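Visitor: The structure that follows is given in the form of structure tokens.
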Amino acid sequence: MSEYIIKNGHVFDPVQGIKGDKKDISIKDGKIVDKVSSSAKVIDAKDKTVMAGAVEIHAHIAGPKVNLGRIYRPEDKLFSCTPTHGMERMGGGASIPTTFKTGYEYAKMGYTTAMEAAMPPLFSRHVHEEIRDTPIIDEGAFPVFGNNWFVMEYLKNHEIENTAAYCAWLLRATKGYAIKIVNPGGTEAWGWGLNCLSIHDPVPYFDITPAEIIKGLIEANEYLGLPHSMHIHPNNLGNPGCYETTLDTLKLAEGFKTKNKFGREQVMHLTHTQFHSYKGTNWGDFESGAKEVTDYVNKNKNITIDTGNVTLDETTTMTADGPFEHHLCGLNHLKWANVDVELETAAGVVPYIYSPNISVCAIQWAIGLEIPLMMKDPMRCYITTDHPNAGPFTRYPRVIKWLMSKKARDAQVNAFKHKDKVLSQTSIGSLDREISLYELAQMTRAGPAKSLGLSAMCGGLKPGMDADVAVYNFNPDKPVANPDDIETAFSRCAAVFKSGIQVVSNGEIVSTGNKRTLWVDVHVKDNPQVMRDINEKFVKFYSMTQNNYEALGHHFVPNPYALEVDATQA
Amino acid sequence: METVTITMKNAPALYLEADNVSPDAFAGKTAAQIAELSVHEGNTTSTLGKYFEVIGNAGATAADTKIVVKGDVKKVKYLGFKMTAGELVIEGSTDLYVGAWMKGGKILAKGNIEAFAATAMKGGELIVEGNAGNYLGAAYRGDWRGMSGGKILVMGNAGSDIGMYMTGGEIIVNGNIDVHALTHAEGGRLVVKGNAKSKVGGQMIDGEIIIFGSIDTMMPGFKPVSEAELEVDGAKAKFSHFIGDMGERHKKRKGQIVYGNLYKKI
Ligand SMILES: [Zn+2]
């Protein structure tokens, strides 16, 4: 493999505490190294910003729900297609891009790792086929467990060991990465025409509460010692007053300590926090609950969060929170799609327009920015748009602009039709903080990598780590003349390396790299009861056999990278 | 106003996508520059000049530019695509997407036009002396934003699914229409001087349909309310008034529930 040296760039690396010093980054055989030979290819990064490749902790970029969005929204591709050029295959889609466009767009912005946030286990084969067809970036997928019949039956009797054995089996069968929960119990209740809007609403038939599911899965996660923590989309998403449900959910993590060998410190990751930080009793008195939620998270170090920034675009919402999508369709009257996934989960899809002329959308925008600006530790708060729910991931450069520039935020506030309402219902106007490049590297690299248990591998530039490197046309020594320059710089990298291969040069794709599928292979003690239960459920209830269920072999996972976990001594 | 005449000389073997034939794309260009504008035949991109003889220079702006299209353009799509001003005259019959996404200006099609004309039209005027195809003034596939402004006049007949998801503007058809008219409409107006088939106004929640001739089968979701005398295009007549589609949600305006209105001449 070739050698590279990225010379004279301003390096920002929280893993080594480097805050913009001029340093050379050396790459050899896919890894960051101390030194390279004089024959190494030189990349001139003078007056540029150098960071590790960015890590996406939560996006919906592969699988049946995403594809349903593509199928039922041909208008999303209208006027957004790019023909074949250079290395790139044709692509299309604004909020739900094709797999190829997804890989190219992430890479051009300097992202080298991304997590698909909700894999329906029954459709893991579809998820992996799309991951396979998404070039360049390493990807993992989180199977959803929060409405799974096995999980609810075991946890009803607090059978942690059986829950853990089942989780280990499912992670292996689906080549999954982490334990994801979406509206625990609520999506199963939706099958009965109901929902769980608080953590104490019982799930019909199963006679268990969301609180029991959440606590039980934290315990199972720590029993196994997985790289990532339990990753949750709580109950009651998107409703005025939902911040109380969020706080109730976060409090369930109290007293739990992590136990893992991956350097992870949290036991719960709260996703798209913006959608869970609403105060008020209706859409008229709707206001921000960002302060209440971030106050709690700031004090409780065993929690990490991501933001879920609203980007003020036309987009496509999609979630395993089936009842929420039905509710949303009742609000905006646009088309609605719903899928039931047998014993496991469900999903809904509804297009949505976050209009700057609608006060609720403008307030959501402000809440999404308040959260990272109020979070004291950027290592525990990561930038996402819950792509495509709050906006497409291709808007990250714009979100970065708003976070780094008070001037850019003020300009947007002034452009809102209901500016006064945004200022009275949120505190966005009084937040002067501007995120530094070092903090940005924490929020988009070192932080999410650590939360995912990948800190030894990516998110930093320490020798020995994977050579995932992004070089931006941004000179930190020069004052920013126009905040739009920030957006431009973070939209298209000068150079990107993925595992030591240069994949982007001057904003263009120059290689499709060596894409890997990350998954977690956990070994547990033999558990004949769980194996018997799995067999029985397939015979009695599933519409397919167990042999057709697993995502196996080269076709589905051509280039796997397994994180091995030994839980046999647990 | 300057006139540019383009005449089909070398007919394409496949269908030709001529989305640059609009006063907006021509404005400020000489005949030679216009001939260099791109067109697509299948997956091959070439120039307008390969197929058309171009005579005359365009005006400085779209509003100062008139385009006359001559010759056999039955296999040409997208004439007047996204135009905002100026004039376009198509002397013969043509294919899909005439005046699609147009915002202003005037198109006169002297022959017949095929489907998806005036897709999501926002303004301007489209006059068709012959027949129009299906999905006239409708939303793009999957989209919920159909024709929102402007005026369409069809002297002959129109096809099925016209005005789907219409929210504003007016469509007048002097002849007959096929099935599905103003499906999902939330505004706008359709006048049919001839006959309509079935599924008129299905899932309509607002807007107006006036039919002078017969309707094969009424939608069950429309409810007769009264008789009304209307003046349409200077002619007075008596109509049965129906509201609907009763199976759909309906908004309130000034405390009153708003319905789609369907008038059928008695
Ligand atoms: Zn999500």
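The values are calculated or read from the model by the stated rules, or taken from the named source; none is laboratory data. The structure presented is a predicted model; accordingly, all values stated were derived computationally and were not measured. So basically every Cβ, Gly included, is an ideal-geometry build from the backbone, and we count neighbours across all protein chains shown. For accessibility, only protein heavy atoms count, side chains too; no ligands or nucleic acids. Shrake-Rupley method; radii C 1.70, N 1.55, O 1.52, S 1.80 Å.
Visitor: Can you say whether A:Ser95 is away from chain B (no Cβ under 14 Å) and over 27 Å from A:Lys450 (Cα atoms), as far as the supplied structure shows? Spell out how you get there, then give the answer.
Guide: On the way: away from chain B (no Cβ under 14 Å): no; over 27 Å from A:Lys450 (Cα atoms): yes.
No, not satisfied.
Visitor: Here's a follow-up. One residue is enough: does the range A:509-522 have a residue meeting the conditions in contact with a helix residue (DSSP H, G or I) (Cβ under 8 Å, 6 or more places away or on another chain) and either surrounded by fewer than 20 Cβ atoms within 10 Å (Cβ to Cβ) or part of a helix (DSSP H, G or I) (or both)?
Guide: Looking for residues that are in contact with a helix residue (DSSP H, G or I) (Cβ under 8 Å, 6 or more places away or on another chain) and either surrounded by fewer than 20 Cβ atoms within 10 Å (Cβ to Cβ) or part of a helix (DSSP H, G or I) (or both), one finds at least one in the range A:509-522, hence yes.
Visitor: (1) modelled with pLDDT of 95 or more; (2) in contact with a strand residue (DSSP E or B) (Cβ under 6 Å, 6 or more places away or on another chain): which one isn't true of A:Gly263, the others all being true?
Guide: (2)
Visitor: May I ask you to list the residues in the range B:82-107 that are outside any loop (DSSP other than H, G, I, E, B) and open to solvent by 40 Å² or more (accessible area, probe 1.4 Å)? Break it down into steps so the answer makes sense when it comes.
Guide: Here is the first cut: in the range B:82-107, the residues outside any loop (DSSP other than H, G, I, E, B) are B:87-90, B:94, B:106-107.
B:Glu87, B:Lys106 - these are the residues of the range B:82-107 that are outside any loop (DSSP other than H, G, I, E, B) and open to solvent by 40 Å² or more (accessible area, probe 1.4 Å).
Visitor: Hey, can you tell me all the residues within the range A:402-421 that are among the charged types (D, E, K, R), open to solvent by 60 Å² or more (accessible area, probe 1.4 Å) and outside any loop (DSSP other than H, G, I, E, B)? Steps first, please.
Guide: Step one: filter the range A:402-421 for residues among the charged types (D, E, K, R), giving A:406-407, A:409-410, A:417, A:419-421.
Going one step further and asking which of them are open to solvent by 60 Å² or more (accessible area, probe 1.4 Å), we end up with A:407, A:417, A:419-421.
If the condition is that a residue be among the charged types (D, E, K, R), open to solvent by 60 Å² or more (accessible area, probe 1.4 Å) and outside any loop (DSSP other than H, G, I, E, B), then A:Lys407, A:Lys419, A:Asp420, A:Lys421 are the ones that fit.
Visitor: May I pose another question? Against the condition within 14 Å of chain B (Cβ to nearest Cβ) and either away from the ligand (no atom under 15 Å from the Cβ) or farther than 25 Å from A:Gln412 by Cα (or both), how does A:Glu244 come out, does it pass?
Guide: no
Visitor: Quickly run through the range B:125-149 and pick out the residues that are part of a loop (DSSP other than H, G, I, E, B), open to solvent by 30 Å² or more (accessible area, probe 1.4 Å) and away from chain A (no Cβ under 14 Å).
Guide: B:Glu129, B:Asn131, B:Asn134, B:Ser148
Per-residue answers, yes or no, for (1) polar (S, T, N, Q); (2) open to solvent by 30 Å² or more (accessible area, probe 1.4 Å); (3) touching an Asp or Glu at 6+ places or on another chain (Cβ under 9 Å); (4) assigned to a loop (DSSP other than H, G, I, E, B):
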residue	(1), (2), (3), (4)
A:Leu461	no, no, yes, yes
A:Gly464	no, yes, no, yes
A:Asp477	no, yes, yes, yes
A:Ala481	no, yes, no, yes
A:Ile486	no, no, no, no
A:Phe490	no, no, no, no
A:Lys525	no, yes, yes, yes
A:Arg532	no, yes, no, no
A:Val539	no, yes, no, no
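Visitor: Could you tell me how many of the residues in the range A:156-171 are assigned to a helix (DSSP H, G or I) and more than 21 Å from the chain's Cα centre (by Cα)?
Guide: Of the residues in that region, 10 qualify.
Visitor: Is there a residue being among the small types (Gly, Ala, Ser), within 16 Å of the ligand (Cβ to nearest atom) and part of a helix (DSSP H, G or I) anywhere in the range A:124-133? Break it down into steps so the answer makes sense when it comes.
Guide: Of the range A:124-133, the ones among the small types (Gly, Ala, Ser) are A:124.
Filter once more, so that each one left must be within 16 Å of the ligand (Cβ to nearest atom): none.
Within the range A:124-133, none of the residues are among the small types (Gly, Ala, Ser), within 16 Å of the ligand (Cβ to nearest atom) and part of a helix (DSSP H, G or I).
Visitor: Which of the strands (runs of 3 or more DSSP E) contained wholly in the range A:1-118 include at least 2 residues that are of a type in the set (Lys, Arg) and out of contact with any Pro (no Cβ under 8 Å at 6 or more places or on another chain)?
Guide: Values: elements: A:3-13, A:18-28, A:31-33, A:41-44, A:49-52, A:54-59.
Answer list for the range A:1-118: A:18-28.
Visitor: Then there is this: Can you run down the residue pairs with Cβ atoms below 6 Å, 6 or more apart or on separate chains, where the first is in the range B:243-257 and away from chain A (no Cβ under 14 Å) and the partner is surrounded by 10 or more Cβ atoms within 10 Å (Cβ to Cβ) and modelled with pLDDT under 95?
Guide: That search, which allows pairs on different chains as well, returns B:Ile257/B:His250.
Visitor: Kindly provide the set of residues from the range A:336-359 that are within 14 Å of chain B (Cβ to nearest Cβ), more than 22 Å from the chain's Cα centre (by Cα) and open to solvent by less than 50 Å² (accessible area, probe 1.4 Å), ordered by number. Before you say what the answer is, go through the steps one by one.
Guide: To start, the set of residues in the range A:336-359 that are within 14 Å of chain B (Cβ to nearest Cβ) comprises A:336-337, A:349-353, A:355.
Then keep just the ones that are more than 22 Å from the chain's Cα centre (by Cα); that gives A:336-337, A:355.
The answer is A:Ala337, A:Ser355.
Visitor: Tell me which of these A:Asn147 doesn't satisfy, since it passes every other one: (1) farther than 13 Å from A:Gly176 by Cα; (2) more than 16 Å from the ligand (Cβ to nearest atom).
Guide: (2)
Visitor: Quick check on A:Glu244: is it farther than 20 Å from A:Asn302 by Cβ and open to solvent by 30 Å² or more (accessible area, probe 1.4 Å)? Spell out the reasoning first.
Guide: Details: farther than 20 Å from A:Asn302 by Cβ: yes; open to solvent by 30 Å² or more (accessible area, probe 1.4 Å): yes.
Taking the combined requirement at face value, the residue satisfies it.
Visitor: What about A:Met375, is it open to solvent by less than 40 Å² (accessible area, probe 1.4 Å), modelled with pLDDT of 95 or more, away from the ligand (no atom under 16 Å from the Cβ) and in contact with a strand residue (DSSP E or B) (Cβ under 6 Å, 6 or more places away or on another chain)? Steps first, answer last, please.
Guide: Details: open to solvent by less than 40 Å² (accessible area, probe 1.4 Å): yes; modelled with pLDDT of 95 or more: yes; away from the ligand (no atom under 16 Å from the Cβ): yes; in contact with a strand residue (DSSP E or B) (Cβ under 6 Å, 6 or more places away or on another chain): yes.
So A:Met375 fits the description; yes.
Visitor: For the range A:302-318, indicate whether the set of residues that are within 14 Å of another protein chain (Cβ to nearest Cβ) and more than 16 Å from the ligand (Cβ to nearest atom) is non-empty. I'd like the intermediate steps shown before the answer.
Guide: Of the range A:302-318, the ones within 14 Å of another protein chain (Cβ to nearest Cβ) are A:314, A:316.
Restricting the remaining residues to those that are more than 16 Å from the ligand (Cβ to nearest atom) gives A:314.
Yes, some residue in the range A:302-318 is within 14 Å of another protein chain (Cβ to nearest Cβ) and more than 16 Å from the ligand (Cβ to nearest atom).
Visitor: When residues of the range A:32-72 are filtered for being free of Cβ contacts under 8 Å to residues at least 60 places away in the same chain, crowded, with 18+ Cβ neighbours inside 10 Å and within 14 Å of chain B (Cβ to nearest Cβ), how many remain?
Guide: Our first condition is that a residue be free of Cβ contacts under 8 Å to residues at least 60 places away in the same chain; within the range A:32-72, this holds for A:35-42, A:44, A:46, A:70-71.
Next cut, crowded, with 18+ Cβ neighbours inside 10 Å only: A:36, A:40, A:70.
Remaining after also requiring within 14 Å of chain B (Cβ to nearest Cβ): A:70.
Counting residues in the range A:32-72 that are free of Cβ contacts under 8 Å to residues at least 60 places away in the same chain, crowded, with 18+ Cβ neighbours inside 10 Å and within 14 Å of chain B (Cβ to nearest Cβ) gives 1.
Visitor: Go through (1) more than 14 Å from every other protein chain (Cβ to nearest Cβ); (2) within 18 Å of A:Glu75 (Cα to Cα); (3) surrounded by fewer than 19 Cβ atoms within 10 Å (Cβ to Cβ) one by one and return the number of the condition B:Gly111 breaks.
Guide: With (1) more than 14 Å from every other protein chain (Cβ to nearest Cβ); (2) within 18 Å of A:Glu75 (Cα to Cα); (3) surrounded by fewer than 19 Cβ atoms within 10 Å (Cβ to Cβ) applied to B:Gly111, the lone miss is (2).
Visitor: Okay, moving on. For A:Ala362, state whether it is in a helix (DSSP H, G or I), open to solvent by less than 40 Å² (accessible area, probe 1.4 Å), more than 14 Å from chain B (Cβ to nearest Cβ) and aliphatic (A, V, I, L, M). Before the answer, list the steps.
Guide: Working: in a helix (DSSP H, G or I): yes; open to solvent by less than 40 Å² (accessible area, probe 1.4 Å): yes; more than 14 Å from chain B (Cβ to nearest Cβ): yes; aliphatic (A, V, I, L, M): yes.
Against the criterion (in a helix (DSSP H, G or I), open to solvent by less than 40 Å² (accessible area, probe 1.4 Å), more than 14 Å from chain B (Cβ to nearest Cβ) and aliphatic (A, V, I, L, M)), A:Ala362 qualifies.
Visitor: Inspect the range A:110-119 for any residue being surrounded by 21 or more Cβ atoms within 10 Å (Cβ to Cβ), of a type in the set (A, V, I, L, M, F, W, C), in contact (Cβ under 8 Å) with a residue 12 or more places away in the chain and over 30 Å from A:Phe541 (Cβ atoms) and give the result as yes or no.
Guide: Yes, the range A:110-119 contains a residue that is surrounded by 21 or more Cβ atoms within 10 Å (Cβ to Cβ), of a type in the set (A, V, I, L, M, F, W, C), in contact (Cβ under 8 Å) with a residue 12 or more places away in the chain and over 30 Å from A:Phe541 (Cβ atoms).
Visitor: Among the residues in the range B:202-225, are any among the hydrophobic types (A, V, I, L, M, F, W, C), without any contact (Cβ under 8 Å) to a residue 40 or more places away in the chain and in contact with a strand residue (DSSP E or B) (Cβ under 6 Å, 6 or more places away or on another chain)?
Guide: Yes, the range B:202-225 has at least one match.
Visitor: Related question: Consider the range B:27-45. How many of its residues are loosely packed, with under 14 Cβ neighbours inside 10 Å and either within 17 Å of B:Leu79 (Cβ to Cβ) or under 24 Å from the mean Cα position of the chain (by Cα) (or both)?
Guide: Residues meeting the conditions: 1.
Visitor: When the residues of the range A:263-280 are narrowed to those that are among the polar types (S, T, N, Q) and within 12 Å of the ligand (Cβ to nearest atom), which ends up surrounded by the fewest Cβ atoms within 10 Å (Cβ to Cβ)? Quick ask: steps written out before the conclusion?
Guide: First, pick out the residues of the range A:263-280 that are among the polar types (S, T, N, Q): A:266, A:271, A:273-274, A:277.
If we keep only those that are within 12 Å of the ligand (Cβ to nearest atom) as well, we get A:271, A:273-274.
Working: A:Thr271: 28, A:Thr273: 30, A:Gln274: 31.
If we take residues in the range A:263-280 being among the polar types (S, T, N, Q) and within 12 Å of the ligand (Cβ to nearest atom), then A:Thr271 is surrounded by the fewest Cβ atoms within 10 Å (Cβ to Cβ).
Visitor: On to the next question. If B:Pro220 satisfies every condition in (1) outside any strand (DSSP E or B); (2) under 22 Å from B:Gly130 (Cβ atoms) but one, which is the exception?
Guide: Failed condition: (2).
Visitor: Scan the range A:384-401 and give yes if some residue there is within 14 Å of chain B (Cβ to nearest Cβ), open to solvent by 30 Å² or more (accessible area, probe 1.4 Å) and within 16 Å of the ligand (Cβ to nearest atom), otherwise no.
Guide: Within the range A:384-401, none of the residues are within 14 Å of chain B (Cβ to nearest Cβ), open to solvent by 30 Å² or more (accessible area, probe 1.4 Å) and within 16 Å of the ligand (Cβ to nearest atom).
Visitor: May I ask you to list the residues in the range A:73-92 that are away from every other protein chain (no Cβ under 14 Å) and touching a residue at least 60 places away in the same chain (Cβ under 8 Å)?
Guide: Scanning the range A:73-92 gives A:Gly86, A:Met87, A:Glu88.
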